[in-house]
Amino acid sequence: MDLTQEKINHWLIPRQRNILRPGTDQVPTQILVGIYTLDLAKINEVEQTFYIDFYLGLQWHDPRLDPQLYNQSLPIYQRNLDEVWHPNIHIINQRQLTKELDEIVHVNPEGIVTYRQRFYGELATTLDLKRFPFDEQLIKIELISFSYSPEEINFLGADALNGINNEISLVNWSVQDISTHIHSHYIQPEQRNYAQFDYQIKVKRYSSFYAWRVLLPVALIVFMSDLVFWLEPSQIIPQITLATATMVSLITYQFVLRQELPRMAYLTAEDKVIVGSMLLVFLALIESVTSINLVAEGYHDLALSLDAMLRWLVPLLFTALAAFAFWV
C-alpha cells in the first residue's frame, strides 16, 4: 500500500470504535443539521473557491446519555465531542477552514445532543461560467459522514436554522436562494456509500458592471472598425491603419479580460462576443483590401456599393451576436 492509500484509509476510519451508534441497525439515527451563514465575502472565479463564515449546528438523540452516569465535578450536560457518539462529520470541499469554538457537545436530560461550531475560510466550488458575465452559480458547503451510510444515519435539514445574514460582504453578486440537498456519496477506496448533506447558496452576478466594462468597450472597437466603410476607397493608408489598429486593440483587450477567469474547455458568453467581434473586425480588414483592389482595377462604383452595404451590416451583426451570446 502506498502512502496516499494509507492517508485515505486513515481518514476514513471511524474515530469512535468503542462507542456504538444509538438505536438499532434497523432504525437509522436522525441527525438534524442547521447552517447559518454569517458572511459570504468573496467568490474567486480563477481559483474556483469562495470565502465564507458560518455556524454549523448538529443535533441527535442518544438515550444512553443519562447525566447521572457522568462525573458530577464536570459542568452538567457538557462533554468533549470524542467522549460521546457523533456522526463523524467532515466538510469535504474545505480548503483552508478555521474552527473558532471548542469541540464540545451539550446534552439535555432527554438525551438530546447538540454540537455547535463556527467555521471561516475558503471552500472549493465548481463554477459553470458558460453565461459569464450574466451567470448564476450554486455554491455549497458539503458535509459528509466518513463513518456511516445513509442506511445508518439520516440527515434532516433544520429549515428554521438554515439561512444567511442580510448584510454580507459579497460584491458583484446577489443571493437568490438557500436550499439543502441530502444524498449519498460513493468513496471508491472504501467501495461504499456515505451519507452527505449539502447546504446550497444560489447567487446571481450583477451584470450591469460587466455590460459597461466589457460589452461597451468591445462595441466601440467594432464600431470604430466600421468607420473603414465610411472612408473613400482610394484612401489606402487610413483604411488599412484603422482596420489593423482595431484588430490589435480587440486581441489585447481579450488577453486582459481572460486573467479574471480560469482556463476552461468551453467559451463563455463574453468569449463568444469577443471572438465574434474579431471576425467582424477582420471582415473590415478584408473589405478594405477588396475595395482598394476594386478601385485599382477601375471598379470604383462597386467599391462604394460594397462599403455602403457593410457600414450598416456590421453593426446589425454585432447586435445580433451580443443578443445571441448573452440572452439565448
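The values are calculated or read from the model by the stated rules, or taken from the named source; none is laboratory data. What you are looking at is a predicted structure, and each value in this text was computed from that prediction instead of being measured. With ideal geometry, Cβ positions are generated from the backbone for all residues, glycine too; neighbour counts draw on all protein chains shown.
Against the conditions (1) under 27 Å from the mean Cα position of the chain (by Cα); (2) assigned to a helix (DSSP H, G or I), VAL248 satisfies every one except (1). I'm trying to understand the selection: among the residues of region 82-114, which are surrounded by 12 or more Cβ atoms within 10 Å (Cβ to Cβ) and either under 20 Å from ILE139 (Cβ atoms) or of a type in the set (Lys, Arg) (or both)? Within region 82-114, ILE89, HIS90, ILE91, ILE92, ASN93, GLN94, ARG95, LEU97, LYS99 qualify.
Just one of the listed residues (VAL256, VAL222, VAL171) is surrounded by 15 or more Cβ atoms within 10 Å (Cβ to Cβ), on the phi < 0 side of the Ramachandran plot and either assigned by TED's automatic domain parsing to the domain that holds GLU142 or among the β-branched types (Val, Ile, Thr) (or both), namely VAL222.
Taking (1) at pLDDT below 50; (2) touching a strand residue (DSSP E or B) at 6+ places or on another chain (Cβ under 9 Å) in turn, THR4 satisfies each apart from (2).
Does ILE182 fit the bill of being among the hydrophobic types (A, V, I, L, M, F, W, C), assigned to a strand (DSSP E or B) and more than 30 Å from ARG64 (Cα to Cα)? For ILE182, the condition - among the hydrophobic types (A, V, I, L, M, F, W, C), assigned to a strand (DSSP E or B) and more than 30 Å from ARG64 (Cα to Cα) - is not met. Within this structure, GLU136 passes the test of being out of contact with any helix residue (DSSP H, G or I) (no Cβ under 9 Å at 6 or more places or on another chain) and in contact (Cβ under 8 Å) with a residue 40 or more places away in the chain.
Pick from region 141-163 the residues that are buried (at least 20 other Cβ atoms within 10 Å of the Cβ) and under 24 Å from the mean Cα position of the chain (by Cα): which of them is nearest to LEU38 (Cα to Cα)? Across region 141-163, the extreme among qualifying residues is ILE141. Which residues, counting only those in region 187-230, are without any contact (Cβ under 8 Å) to a residue 12 or more places away in the chain and either farther than 22 Å from PHE255 by Cα or more than 27 Å from the chain's Cα centre (by Cα) (or both)? Passing the criteria: GLN188, GLN191, LEU220. Flag: MET264 does not match the condition of being free of Cβ contacts under 8 Å to residues at least 40 places away in the same chain, under 30 Å from GLU45 (Cβ atoms) and either among the aliphatic types (A, V, I, L, M) or not assigned by TED's automatic domain parsing to the domain that holds THR126 (or both). Do you know which of the residues in region 302-312 that are in contact with a helix residue (DSSP H, G or I) (Cβ under 9 Å, 6 or more places away or on another chain) and loosely packed, with under 15 Cβ neighbours inside 10 Å is nearest to TYR210 (Cα to Cα)? Only one residue fits best here, namely TRP312.
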